[in-house]
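Novice: Sending over a structure as structure tokens; questions will come in a sec.
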Amino acid sequence: MMQSQALNDPNVTNNRRTASWAALLAAWISILFAFRGDILLVIESWETMPSHAHGYVVVLVVAYFLWKKRPFIDAVPFSPSILGFGAFLLAALAALVGELVSAAVVVQFSSIFLIIAAVWAILGYQAFKTLFGPLAFLFFTISFGQDVLPTLMDWTADATVVALRASGIPVFQQDRHFIIPSGTWAVVEACSGIRYLFTAFFIGTIYAYITYRNWLKRVTFVAAMLALALFANWLRAYTIVLVAHLSNNEWGLGLSHLTFGWVIFGVVVFTAFWIGSYWQEPDPVPPSAKSGTAGQLAPTTVIAALIVVLTLGIPLLSKTLLNGASDQAAPPELDFSKSLAGLTSAEAQHALIAPEYLGAARIHQQVFRQGKADLLLYVAYYRNQTQGRELVNVANQLQPTKDWNWTGNRQYTITGSPVAKLHVEKYSLGSNVALATRIYWNGGYSTQSAMQSKLAQAINLLTGRGDDGAAVILAVSANQETEAQRALESFIQQRLPGILEDLDKTRQTY
């Protein structure tokens, strides 16, 4: 009887709910502290990446939506959840993998999953369900999606050319470059529409969250916003070229170029909001009383303590595993004498692309004469990888200078290639044409996917095989693309399998 009265005592309930909030706050602080380096990179990206300059706004939006949820969270019971703790463990495993392979974006996304899963584990499912919406907006703080930039540029170029031809204007197109009677145009990064896309994604999600209660309506509206953002960018590109063409290049350039683009985007967005308002749903009615209960403190305290210890232990465990890998051997010597037997280095007769890979343990590069083309073999070998000294890093580039013009990409099916369809980048510089391709090697596994390379590195580390990896880059320069293609295909068929075998032997020997 006394215990029942204690459970119903408002003071006891308030104290236990306050303790639950304190436990959740401790868990969140431990997450932010454990992954502070990667979180600081997120904040840095808000300052340096125009497509993600809305990061500070996202934080304010999350704070506002959480504040609006106060009446609802006061009415739900608090009860720690084993299932929520299991979700936290899965997110912790993802964070560990991200730490092992120095994948900052994986750690950043995992950190947000940890923050959300901690609510489920400590406060329970009802609280998790109530707060999930506001907390999910934290994902918009992370700088991601730059990999789609080349695809967006291709789509913009193709859509513009199709619209110009439909308008009766003759067009000669070569990848992202096209020529019309009044001048030459090229689709560059600023024309890709990536800022349109991210802005539409963010504000569209906010609008859908406020306007609809049904998740299908929310997803449908956001998908429509993304499609409209793409269309708006294509319309902007086409209109600018058309106006410049009709005005003999007096309009559509400079400031008018930017202003007109955002006017089109604004019209499209407000039109979408106007149409979407026809399916608006009423706001949920907040509870009239603070009726939420709270369970015993012991389970809440135990789960919160486990979360704090586990979170703070992830960086330590990662460091231990990496130190174990680093103790295996010193940086290796690269020996390709067998796979390159019969070939001798030659002076390049054409301009060559100069790849840049930072922090590599060893770099091997040679230039060979292949028919009428010059071929550069560039191998960057990594061991004991850390942030900034890793195989897959945004700073590692095939063509880091602005001297060469990127003119397109190609897909080749080549006998002997370690990947089914070899992705090749095409560049031009004066009369020179260059074809460049990159293959990631990770302890016996080869791929052109950066994500698959990171995954292979993580598996190798977790299975005690070390973190050895290499980028094998082949860059061919010639006067004609067909000459460069023949030289590239020939070298891959005759030499690349042996080069990869030599890398395998290097890892096993040293």
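Each reported figure results from applying straightforward, stated rules to the coordinates on display, with no laboratory input. The model shown is predicted, which means the values in this text are computed figures rather than measured ones. As a convention, Cβ positions derive from the backbone with ideal geometry for all residues, glycine included, and neighbour counts pool all protein chains shown.
Novice: Divide, for the chain, the radius of gyration over alpha carbons by 2.2 N^0.38 Å, where N is the residue count. Intermediate results must be reported in sequence, preceding the final value.
Specialist: Details: Rg = 27.9 Å, N = 510, 2.2 N^0.38 = 23.5 Å.
Working it through for the chain, the quotient is 1.19.
Novice: Take the Cα radius of gyration of the range 376-510 and divide it by 2.2 N^0.38 Å, with N its residue count; two decimals is plenty. Don't skip to the answer; put the middle values down first.
Specialist: Numbers: Rg = 15.4 Å, N = 135, 2.2 N^0.38 = 14.2 Å.
For the range 376-510, the normalised Cα radius of gyration is 1.08.
Novice: Can you tell me the dipole magnitude for the range 362-509 around its Cα centre, using point charges on the Cβ only (Lys, Arg +1; Asp, Glu -1), in Debye to the nearest 20?
Specialist: My answer is approximately 100 debye.
Novice: For the range 60-86 and the range 172-187, write down the distance between their C-alpha centroids in whole Å.
Specialist: Each part's Cα centre sits 54 Å from the other's.
Novice: Put a dot 7 Å past each Cα toward the Cβ at residue 60 and residue 132; how far apart are the dots in nm?
Specialist: 2.9
Novice: A further question follows. Listed highest first by mean packing, meaning other Cβ atoms within 10 Å per residue, what order do 361-367, 166-172, 25-31 come in?
Specialist: 25-31, 361-367, 166-172
Novice: Given a Förster distance of 35 angstrom, what is the FRET efficiency for residue 273 paired with residue 36, based on the Cβ-Cβ distance and rounded to 0.05? Intermediate values should be presented prior to the final figure.
Specialist: Numbers: r = 38 Å, r/R0 = 1.08.
The formula returns an efficiency of 0.40 here.
Novice: Using a cut-off of 17 Å between alpha-carbon atoms, which lysines can reach residue 68, once sequence neighbours fewer than 8 places away in the same chain are excluded?
Specialist: 129, 290
Novice: Treating the angle as unsigned and between 0 and 90°, give the value, to the nearest 10°, between the Cα long axis of helix 496-509 and the longest Cα principal axis of the chain.
Specialist: Approximately 60 degrees, to the nearest ten.
Novice: Considering the alpha-carbon set of the range 146-279 alone, what are its Rg and its Dmax in angstrom?
Specialist: Values for the range 146-279 (Cα only, Rg and Dmax): 16.3, 52 Å.
Novice: So what's the angle, to the nearest 10 degrees on a 0 to 90 scale, between helix 450-462 and the longest Cα principal axis of the chain?
Specialist: Between helix and principal axis, roughly 70 degrees.
Novice: Between residue 490 and residue 182, take the C-beta separation as r, use R0 = 35 Å, and let me know the FRET efficiency to the nearest 0.05.
Specialist: 0.25
Novice: Calculated FRET efficiency, residue 217 and residue 415, Cβ-Cβ r, R0 45 Å, to nearest 0.05?
Specialist: Efficiency, from the Cβ-Cβ distance: 0.30.
Novice: Run the helix sum for the chain: -39,500 (n - 2.57) per DSSP H stretch of 4+ residues, divided by residue count, reported at 222 nm to the nearest 500 deg cm²/dmol. Show your work: numbers first, answer last.
Specialist: Values: 16 runs with 275 residues, N = 510.
That comes out to -18000 deg cm²/dmol.
Novice: Another question, then. Which far-off residues, 5 or more places away or on another chain, put their amide H under 5 Å from the one on residue 409, with H placed in the peptide plane?
Specialist: Result for residue 409 returns 426.
Novice: Starting from the Cα-Cα distance between residue 158 and residue 14, subtract it from 0.36 nm times their residue separation and give me the gain in nm to one decimal.
Specialist: 45.7 nm
Novice: Angle check, please: helix 215-246 long axis (alpha carbons) against the longest principal axis of the chain (alpha carbons), in degrees 0 to 90, nearest 10.
Specialist: 40
Novice: Oh, and also: Rounded to whole Hz and in sequence order, give me ³J(HN,Hα) for the range 401-412 from the Karplus expression 6.51 cos²θ - 1.76 cosθ + 1.60, θ = phi - 60°, writing x for Gly and Pro.
Specialist: 8, 9, 5, 8, 9, 6, 10, x, 10, 9, 10, 10
Novice: Now for a separate question. Using a 10 Å Cβ count of at most 12 others and DSSP loop calls, identify the longest part of the chain lacking such GluC sites (Glu not before Pro). Provide the component values of the computation, followed by the final result.
Specialist: Values: sites that count: 250, 333, 347.
That gives 1-249 as the longest site-free run.
Novice: Over what distance in Å are the Cα centres of the range 462-510 and the range 215-247 separated?
Specialist: A separation of 41 Å, based on Cα centres.
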